[in-house]
1. Express in whole angstrom the spacing between the alpha-carbon centres of segment 301-325 and segment 73-135.
2. Mind jotting down the distance between the C-alpha centroids of segment 214-250 and segment 331-352, whole Å?
3. Of Arg86, Arg313, Arg324, which has the largest mean-square fluctuation in a 10 Å C-alpha GNM of the chain?
4. With N set to the residue count of segment 329-430, report its C-alpha Rg divided by 2.2 N^0.38 Å to two decimal places.
5. Report relative contact order for the chain in percent, whole number only (criteria: Cα-Cα under 8 Å, sequence separation at least 6).
6. If amide H atoms are built 1.01 Å from N in the plane of the peptide, which residues on other chains or at least 5 residues away come under 5 Å of the amide H of Asp300?
7. What angle do you read, to the nearest 10 degrees and between 0 and 90, between the alpha-carbon axis of helix 215-225 and the longest principal axis of the chain?
8. Taking amide H positions as placed 1.01 Å from N in the peptide plane, with prolines and chain starts having none, which residues 5 or more places from Gly242, or on another chain, fall under 5 Å of its amide H?
Amino acid sequence: MIWNESKECMSRDEMMHLQSTRLVKQVKNVYHSVEHYRKKMQAVGLEPGDIRGIEDIDKLPFTTKDDLRDTYPCGLFAVPRSEVVRIHASSGTTGKATVVGYTRRDIENWEECVARILTMANIGSSDTVQVSYGYGLFTGGLGAHYGAEFLGATVVPLSTGNTKKQLTMMRDLGVTAICCTPSYLMYLAEAIEEQGILNDLVLKSAICGAEPWTENMRREIERRLHIDAHDIYGLSEVMGPGVAGDCKFHTGLHINEDHFFAEIVSPETLQGIPDGETGELVFTTLTKEALPLIRYRTKDLTSITHEKCECGRTTARLSRFKGRSDDMLIIRGVNVFPSQVEAALLDISEVSPNYLMIVDRVDNLDTLEVQVEVDERFFSDEIKELENLTKKITHVLQQALLIVPKVKLVEPRTLQRSEGKAVRVIDKRKLV
Ligand SMILES: [Zn+2]
């Protein structure tokens, strides 16, 4: 099913026309309502009239997280506070929190965007949706909640934590879909296996987001829980969850393009790059009223395609995220992403995808230790077997990362589990 065919199945010409009209209006709006944008446009000699359509978008200056921090808390808001009905704030994992706001219309658009993505995951009004994202300033909980309610589904707002209660509610209320981070769903899957209650559940779909995960991890979740797992993407600055999501063909995340215009640029030159090539994702919000963002640099690395999808939707799709340019580690001059470690480990049946990367510098040389949990089924006291497994993992990681890590096996369930975003990297080089 498609929630809004008139928008999700538009021809490319119609979509570009709609985006152009909305961009021209949005640029006029921010120029007159937000001093920060007006000054930035004036600094490059740009007036609203210079932007005549979506093809002129690259004339506009970029917006970054620093712009939000410099105008903290509400300096980029384009409406009076009386029109703002909701505030959220980013989790601030990489610095000071940033505050975002929504008008009533913004909330309505957000609800619909999330409802479109839930529909892609085959969720409808007869489903019971457990929301296990955090509720509060973080956009995950309330974003998923309002979208599922808008769809007409029955919402169970559990938020994070209290795994025992999560599973009791999931079973007793006949929960058919869950929204949470992929690492938390893996954690729940372990608890479900431990309690042996998989057959008592009627769970059929999961919509996971808020942290990068790999295609292998998605398949692993599907295998362990006998469900369909879908990816949902969003970031609080742009809106929250619901900016994009994947359909049953899992060939990239459909962008809600009538609200968000996506560009992929080279992180070095900031010039646009062709479809299919990986670069930094940049979003312009075409309809946001309270906090419009012009060419916002997300730091997320992905590629885009404009080819029509088998599901019938014509909206552009983002490929699975490679990670954030912020997450990228440079170890001995080589670019390393935690997602590469995760993908490699999921191919080795003797270990669980729980890992911790410890980066350090010893005698001016970068070192990488990867702690890996051995799967319970394969855990052995035989030193020889463990040595062979260490060698195998080292080889697989070396192939994937192009550097030789020191692999340390740890016993099952000893690495710390997370109920929010998982901690996968400790970079001791930054601690000195
Ligand atoms: Zn599709």
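None of the figures in this text is laboratory data; all of them are computed from the coordinates on show. Quick caveat: nothing in here was measured; it's all calculated off a predicted structure. With ideal geometry, Cβ positions are generated from the backbone for all residues, glycine too; neighbour counts draw on all protein chains shown.
1. With segment 301-325 and segment 73-135 each reduced to a Cα centre, they are spaced 22 Å.
2. 20 Å
3. Arg86
4. 1.05
5. The normalised contact order for the chain reaches 13 percent.
6. Leu281, Ser325
7. 60 degrees
8. Tyr233, Gly234
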